[in-house]
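The values are calculated or read from the model by the stated rules, or taken from the named source; none is laboratory data. Fair warning: this is a prediction, and the values are worked out from it, not measured in the lab. With ideal geometry, Cβ positions are generated from the backbone for all residues, glycine too; neighbour counts draw on all protein chains shown. Quick note on the areas: whole protein, heavy atoms, side chains included, nothing else; ligands and nucleic acids left out. Shrake-Rupley method; radii C 1.70, N 1.55, O 1.52, S 1.80 Å.
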Amino acid sequence: MPNYYRPEIDGLRAIAVVSVILFHAEFTLSGTTLFQGGYIGVDVFFVISGYLITLIIIRELAQDKFSLKNFYERRARRIMPILLTVTLLTTLAALFLMPPQPLMSFSLSAITTLFFSSNIYFFLDSNYWAEPSALKPLLHTWSLAVEEQFYILYPFMLIALWRYFKNHLVFILGLITITSLGLAQYGSSQFIEANFYLLPSRGWELMAGAILAHIELTSGRKIESRFTKALPILGFVFIICAVLLFDETTPHPSLVTLLPVAGTMLLIWFSQEGDYITWLLSRQICVRIGLLSYSLYMWHFPLFAFSRLTQASESNLDKFLIIMLTTILSSIGYIAIERRARIQNKLSTKLFLMIVVTASLIILILNVYALQARGSLTGSEEDEIAFGPYDYANDYLAHTCFLEPDDMSEPLPFKRCTAKGKTDGPTMLLWGDSHAAHLIPGLIENFADTYNIIIRTSSDCRPILNRNPKHRPFCKNINDNIFQYVKETRPSHVLIAGRWQREQYTLTVSLIKELKRAGVKFIYVVGPVPHWSKGLPIRLYQQLGPQEIPNIYSIPQYLLDDRNEPYIAMDQKMQEFFSELDVTYISPISILCRPEKGCLTYAGDKDKALVQWDSSHLTRHGSSYLVRRFEIR
């Protein structure tokens with residue numbers, strides 16, 4: 001039997017997994033986060049996977065030896081043991097360490113991971129309100145789900161193409177690749193989350209490797225010229241450039257992603273004995289890291305997630321130690337689990353299936369139990385109210401007076417939003433984004449007896465005229481619609497509020513001038529609210545630890561958080577700025593925060609309730625507490 005093993009491919013896997021781990025580690029140097037493009041390691045994995053799996057299938061098809069049963073058993077023995085081990089241990093840790101809301105999200109991700117559909121779950125969960133990605137221990141399984149979905153469909157497609165269109169196979173694979181790449185380019189600006197997580201816009205990366213494999217098997221790798229010896233170096237440079245130059249603002253996947261994909265293809269195709277890059281990637285340390293790459297990939301993200309869940313901050317040393325622990329667990333897992341499971345005479349098919357089914361059922365039962373308990377496994381009813389999932393939709397009047405992305409394209413976006421309060425009283429208009437929407441319950445509770453309250457709020461649309469963010473293409477139309485309403489109805493009071501970023505508040509000057517010109521007598525600008533690293537409930541977990549939380553009666557009334565420092569500074573600048581514009585500035589920071597003590601965590605004495613439910617948005621109780629202290633004329 002010929003030896004098809006290429007050690008440099010394992011070395012290439014090492015580059016991919018190290019890139020991903022460094023990206024997720026978020027090492028910093030002088031305040032700058034390093035390796036911000038390390039996520040392209042996943043793209044490298046996709047190309048390698050498409051290449052290797054196509055080599056296997058076409059070789060066996062050519063020899064009339066291909067068996068779907070054997071193919072899927074090999075995949076299961078490769079994927080399932082470590083996947084189930086990591087998912088089970090992560091589930092056990094989550095049950096003891098995670099607050100209710102993140103635990104419920106985790107349980108859904110664990111269940112979908114079992115069915116190789118976590119990418120679909122994370123896509124559906126990737127909305128404005130979702131927990132920070134770094135706090136989702138199984139987020140990294142999205143790429144595994146993409147691969148497995150590809151492996152479920154691809155063999156059937158390849159069998160059909162081999163049987164009926166064998167002479168046109170490369171052309172058809174190329175056509176699929178170009179179509180998928182075109183979809184990725186379009187999706188990189190039009191449906192960013194779906195583009196990132198779902199197979200149709202990722203398939204071209206796997207197909208790029210598949211095309212290489214087919215050409216190699218039919219025509220051979222032709223790499224004899226002097227010129228081709230430089231191409232592995234060029235491919236390596238492409239990948240490293242992507243790691244160092246890409247960041248979260250890079251459209252991805254898109255045409256730009258061709259850089260690491262082309263780099264991977266160059267390395268796969270032109271690597272040969274005698275060139276420096278092949279020699280480097282074939283070194284024992286690179287090959288060993290490559291052999292561990294799957295285990296390393298599976299272990300590293302849950303460890304980082306739980307570290308960030310339980311610690312307010314991490315040093316570079318902490319991150320290095322987590323990588324060391326990842327390496328130890330991966331080595332143990334590879335030797336004791338992964339390698340043994342692949343050898344059929346050490347673990348029969350029947351026993352292997354029994355173990356997989358049993359482990360899957362345990363994971364399923366534990367996570368269904370967590371969902372039924374609404375994430376609150378040990379706390380009282382009061383604790384569940386304080387720390388459990390928060391339903392903002394009812395309090396914020398979502399889809400009627402607070403528009404979310406799906407509502408924004410309507411011609412008359414606020415047609416279902418009715419006035420609140422005293423219909424014959426002076427009119428008060430609330431205008432802004434979600435940081436205006438979270439004032440709704442407080443305004444209704446405290447001012448509905450006096451004012452006719454009109455609400456015009458929309459997700460991530462600051463109250464700024466003539467501005468259209470790329471991710472919210474309807475904001476300009478919505479703000480134009482609101483301003484037209486102001487000119488027609490002439491409300492006496494207008495409150496504008498937003499999630500102000502840096503000097504963004506200065507862009508409200510033209511709006512304020514237009515409001516005055518429209519006859520608005522009283523204009524109020526609401527400044528930033530306190531912000532919490534990873535959200536107030538999680539910040540309290542970090543402060544007190546899982547031994548004391550959830551326990552609503554043990555939490556401190558005020559808490560310090562470094563994330564508030566820039567917002568406190570912004571608040572001071574905004575007070576000075578708006579004092580010169582003859583408008584009333586309202587400072588939530590001044591109401592909710594105390595020097596040296598920090599910012600308010602709960603309202604009430606006997607019936608304590610958290611004032612914020614995520615990193616910055618107010619609960620109904622927090623909104624009422626804050627707005628009650630507004631000085632409205």
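Under 23 Å between alpha carbons, and skipping anything fewer than 8 positions from residue 597 in its own chain: which lysines qualify?
Correct list for residue 597: 534, 573, 606, 608.
Beyond 21 Å, what share of the Cα-Cα pairs of the stretch 206-342 is found? Please give it as a whole percent.
The calculated P(r) of the stretch 206-342 puts 61 percent of pairs beyond 21 Å.
Determine how large the accessible area of residue 157 is when every protein chain is in place; take a 1.4 Å probe and give Å² rounded to the nearest 10.
Rounded to the nearest 10, that gives 60 Å².
If I stretch the segment between residue 63 and residue 580 completely, what's the gain in nm (0.36 nm per residue apart, minus their alpha carbon distance), one decimal?
Taking residue 63 through residue 580 to full extension adds about 177.9 nm, to one decimal.
Rounded to the nearest percent, how much of the accessible area of the chain (1.4 Å probe, protein heavy atoms only) is carbon and sulfur?
Carbon and sulfur together cover 59 percent of it.
Quantify how much of the Cα-Cα distance distribution of the stretch 200-246 extends past 14 Å, in percent.
Tail fraction, whole percent: 69.
Which entry in [x] 27.9, 89; [y] 31.0, 108; [z] 27.5, 99 is this structure's computed Rg and Dmax of the Cα atoms in Å?
The listed entry that was calculated here is [x].
Take residue 419, project a point 7 Å from its Cα along the Cβ direction, then tell me which residues of the stretch 482-511 have their backbone nitrogen under 18 Å from it.
Residues passing the 18 Å test: 482-495.
5 Å is the cut-off here: which amide hydrogens, built 1.01 Å from N in the peptide plane, fall below it relative to residue 533, excluding neighbours closer than 5 in sequence?
Residues meeting the amide H criterion: 563.
Could you compute the net charge surrounding residue 276? Neighbours are other residues with a C-beta less than 13 Å from the C-beta of residue 276; K and R count +1, D and E count -1.
My count for the surroundings of residue 276 gives -1.
Amide H of residue 609: which non-local residues (sequence gap of 5 or more, or other chain) have their own amide H closer than 5 Å, using H built in the peptide plane?
603
Note the full-extension length gain between residue 521 and residue 391 as 0.36 nm times their separation in residues minus their Cα-Cα distance, in nm to one decimal.
Residue separation times 0.36 nm, minus the Cα-Cα distance, leaves 43.3 nm.
Across bins of 5 angstrom width beginning at 0, how are the C-alpha pair distances of the stretch 171-238 distributed, in whole percent?
Binned Cα distances yield the sequence 4, 16, 17, 16, 17, 15, 9, 5, 1.
Residues with beta-carbon under 13 Å from that of residue 20, excluding residue 20: net charge, scoring Lys, Arg +1 and Asp, Glu -1?
That works out to -1.
So how do 33, 278 rank on accessible area, 1.4 Å probe, biggest first, that is with the largest at the start?
In descending accessible area the options line up as 33, 278.
Please list, in chain and number order, the residues 5+ apart from residue 452 or on another chain whose amide H is under 5 Å from its amide H, with Hs placed from the backbone.
422, 425, 427, 428
Give the cross-link partners of residue 487 among the lysines, using a straight C-alpha distance below 29 Å as the criterion and excluding same-chain residues fewer than 8 apart.
Reachable lysines: 415, 420, 422, 470, 476, 513, 516, 521.
What figure in square angstrom, to the nearest 10, would you give for the accessible area of residue 541 with a 1.4 Å probe?
Using a 1.4 Å probe on the heavy atoms, I get roughly 20 Å².
Express the Stokes-Einstein translational diffusion coefficient of the stretch 3-143 in µm² s⁻¹, to the nearest whole number, given a Kirkwood radius over alpha-carbon pairs, 10 °C and a viscosity of 1.306 mPa s.
90
Over the Cα atoms of the stretch 487-633, how large are the radius of gyration and the largest Cα-Cα distance (Dmax), in Å?
Taking only Cα atoms of the stretch 487-633, I get Rg and Dmax of 17.2, 58 Å.
With no other cysteine's Cβ closer than 4.7 Å, which Cys residues of the chain count as lacking a disulfide-compatible partner?
Isolated Cys, the chain: 241, 286.
Near residue 346, which lysines are there with a Cα under 26 Å away, not counting those fewer than 8 places off in the same chain?
65, 69
In whole Hz and in residue order, list the ³J(HN,Hα) couplings for the stretch 475-481 that follow from phi through the Karplus curve 6.51 cos²θ - 1.76 cosθ + 1.60, θ = phi - 60°; x for Gly and Pro.
So the J values, rounded to whole Hz, are 4, 4, 4, 5, 5, 4, 4.
Hey, any idea what the orientation-averaged projected area of the convex hull of the stretch 552-619's Cα atoms comes to, in nm²?
Projected over every direction and averaged, the Cα hull of the stretch 552-619 covers 5.4 nm².
How about the stretch 212-303: which trypsin sites (Lys or Arg not before Pro) there are in a DSSP loop, with at most 11 other Cβ atoms within 10 Å of their Cβ?
222, 226
Given q = 0.17, 0.19, 0.30 Å⁻¹, what are the Debye log10 I(q)/I(0) values for the stretch 12-57, with equal point scatterers placed on the Cα positions and solvent ignored?
Those come out to -0.51, -0.59, -0.96, one per q.
Spelling out what I want: for every residue of the stretch 218-224, take phi, set θ = phi - 60°, compute 6.51 cos²θ - 1.76 cosθ + 1.60 (Karplus), and round to whole Hz; glycine and proline get x.
Once rounded to whole Hz, the list reads 9, 10, x, 7, 9, 9, 7.
Any chance you could tell me what percent of the C-alpha pair distances in the stretch 409-520 go past 25 Å?
16
Would you mind counting up the charge near residue 439? Only other residues with Cβ under 15 Å from its Cβ, with Lys and Arg at +1 and Asp and Glu at -1.
Residues near residue 439 contribute +3 overall.
Give me the accessible area per residue for the stretch 580-624, probe 1.4 Å, as a whole number in Å².
Result: 43 Å² per residue.
Along the charge dipole of the stretch 143-301, which of 292, 215, 258 sits closest to the positive end, that is, farthest toward it, with unit charges on the beta carbon of Lys, Arg, Asp and Glu (+1, +1, -1, -1)?
Value: 215.
Given a 1.4 Å probe and the protein chains all in place, what does the accessible area of residue 243 round to, in Å² to the nearest 10?
Residue 243 exposes around 10 Å² with every protein chain in place.
Sort 49-62, 575-588 by packing, meaning the average of other beta carbons within 10 Å per residue, with the highest value first.
Most protected by this proxy first, the peptides run 49-62, 575-588.
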